[in-house]
1. On the given criteria, is Glu157 among the charged types (D, E, K, R), assigned to a helix (DSSP H, G or I), at pLDDT 95 or above and open to solvent by 80 Å² or more (accessible area, probe 1.4 Å)?
2. Within the set of pairs 6 or more residues apart or between chains, which connect a residue that is within 17 Å of Ala20 (Cβ to Cβ) inside the stretch 30-55 to a residue that is open to solvent by less than 50 Å² (accessible area, probe 1.4 Å) and not in a helix (DSSP H, G or I) with Cβ atoms less than 8 Å apart?
3. Write out, first by first residue and then by second, each pair whose Cβ atoms fall under 7 Å of each other, whose residues are 6+ apart or on separate chains, and whose first residue, in the stretch 148-163, is within 16 Å of Lys69 (Cα to Cα) while the second is in a helix (DSSP H, G or I) and of a type in the set (A, V, I, L, M).
4. Restricting the search to the stretch 1-42, which residues are more than 13 Å from Pro73 (Cα to Cα) and among the aliphatic types (A, V, I, L, M)?
5. Condition test on Val139, is it of a type outside the set (S, T, N, Q), touching an Asp or Glu at 6+ places or on another chain (Cβ under 6 Å) and surrounded by 14 or more Cβ atoms within 10 Å (Cβ to Cβ)?
6. Taking the criterion of being over 17 Å from the mean Cα position of the chain (by Cα), within 30 Å of Arg57 (Cα to Cα) and hydrophobic (A, V, I, L, M, F, W, C), would at least one residue in the stretch 151-168 satisfy it?
7. Would you call Ser146 among the hydroxyl-bearing types (Ser, Thr, Tyr), modelled with pLDDT of 95 or more and within 30 Å of Asp62 (Cβ to Cβ)?
8. Kindly provide the set of residues from the stretch 177-193 that are assigned to a loop (DSSP other than H, G, I, E, B), over 20 Å from the mean Cα position of the chain (by Cα) and touching a residue at least 12 places away in the same chain (Cβ under 8 Å), ordered by number.
Amino acid sequence: MKLKRITAYILDILFVYFIAAALFMLPIFKNDYKNYMDTTTEYIEYIATLGSGEADRDIELDYVYSISKSSQPLSIITCGLLFLYFGVFAYILKGQTLGKKIMKLKVVPDKGKNLDVNLFMIRAIILTNLLPKIASIIVLTKLSPSNWLIAENIISEISNIITFLILGFMIFRDDERGLHDLICKTKVVESNKEK
């Protein structure tokens with residue numbers, strides 16, 4: 001079932017990121033999208049002109065910072081969609097997302113009770129690493145490029161640790177429950193075998 005869970009998660013993430021990218025292209029985000037595309041193109045051209053030479057660290061940092069700044073609306077959209085999809089949508093569909101539906105899986109309470117909406121929302125926050133994503137958005141708005149890079153590296157490491165804990169628990173525990181399942185007292189079962 002581990003492979004089915006991972007496949008369901010990948011399908012869900014692809015779906016959410018596809019929708020987020022489509023929303024970022026709406027006219028309301030026209031200037032942000034244009035800045036993002038222009039800055040990314042300039043950065044690629046800059047790297048191409050280097051050949052085998054080394055990039056100037058300050059120039060490179062400015063490009064990466066500018067790309068991150070211009071894609072900030074995309075990050076906000078993505079955070080909102082992750083919460084809505086893995087929290088609200090999955091709760092409304094009684095423990096299933098599109099990926100879980102395709103893979104015939106379902107989230108159920110560990111002890112046979114009904115799913116608690118609050119714990120289900122917390123499960124979504126942990127599963128999608130939402131707190132580090134929100135922290136990244138905040139530090140991008142508050143810090144200078146050099147301080148942002150330091151903070152972003154720390155946040156990225158914290159996010160990686162959470163991801164490894166989630167996956168590690170799922171892979172090495174006999175009951176295949178991830179960190180998010182343990183905290184929220186849920187488990188994933190095949191939808192035709194709910195208990």
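1. Details: among the charged types (D, E, K, R): yes; assigned to a helix (DSSP H, G or I): yes; at pLDDT 95 or above: yes; open to solvent by 80 Å² or more (accessible area, probe 1.4 Å): yes.
Taking the combined requirement at face value, the residue satisfies it.
2. Asp32/Ser71; Tyr36/Ser71
3. From the stretch 148-163, the pairs are Trp148/Val139; Trp148/Leu140; Leu149/Leu61; Ala151/Val139; Glu152/Val139.
4. Within the stretch 1-42, Met1, Leu3, Ile6, Ala8, Ile10, Leu11, Ile13, Leu14, Val16, Ile19, Met37 qualify.
5. Working: of a type outside the set (S, T, N, Q): yes; touching an Asp or Glu at 6+ places or on another chain (Cβ under 6 Å): no; surrounded by 14 or more Cβ atoms within 10 Å (Cβ to Cβ): yes.
No: the conditions fail for Val139.
6. Yes, there is a match, as at least one residue in the stretch 151-168 is over 17 Å from the mean Cα position of the chain (by Cα), within 30 Å of Arg57 (Cα to Cα) and hydrophobic (A, V, I, L, M, F, W, C).
7. Numbers: among the hydroxyl-bearing types (Ser, Thr, Tyr): yes; modelled with pLDDT of 95 or more: no; within 30 Å of Asp62 (Cβ to Cβ): yes.
In short, no.
8. Taking the stretch 177-193 and keeping what is assigned to a loop (DSSP other than H, G, I, E, B), we get 177-178, 185, 191-193.
Those still in the list that are over 20 Å from the mean Cα position of the chain (by Cα) too: 185, 191-193.
Of everything in the stretch 177-193, those that are assigned to a loop (DSSP other than H, G, I, E, B), over 20 Å from the mean Cα position of the chain (by Cα) and touching a residue at least 12 places away in the same chain (Cβ under 8 Å) turn out to be Lys185, Ser191, Asn192.
The values are calculated or read from the model by the stated rules, or taken from the named source; none is laboratory data. Note that this is a predicted model, so its numbers are computed, not measured. Using ideal geometry, Cβ is built from the backbone for each residue, glycine included, and neighbour counts are taken over all protein chains shown. Just the protein is used for accessible areas: all its heavy atoms, side chains included, with ligands, DNA and RNA removed. Shrake-Rupley method; radii C 1.70, N 1.55, O 1.52, S 1.80 Å.
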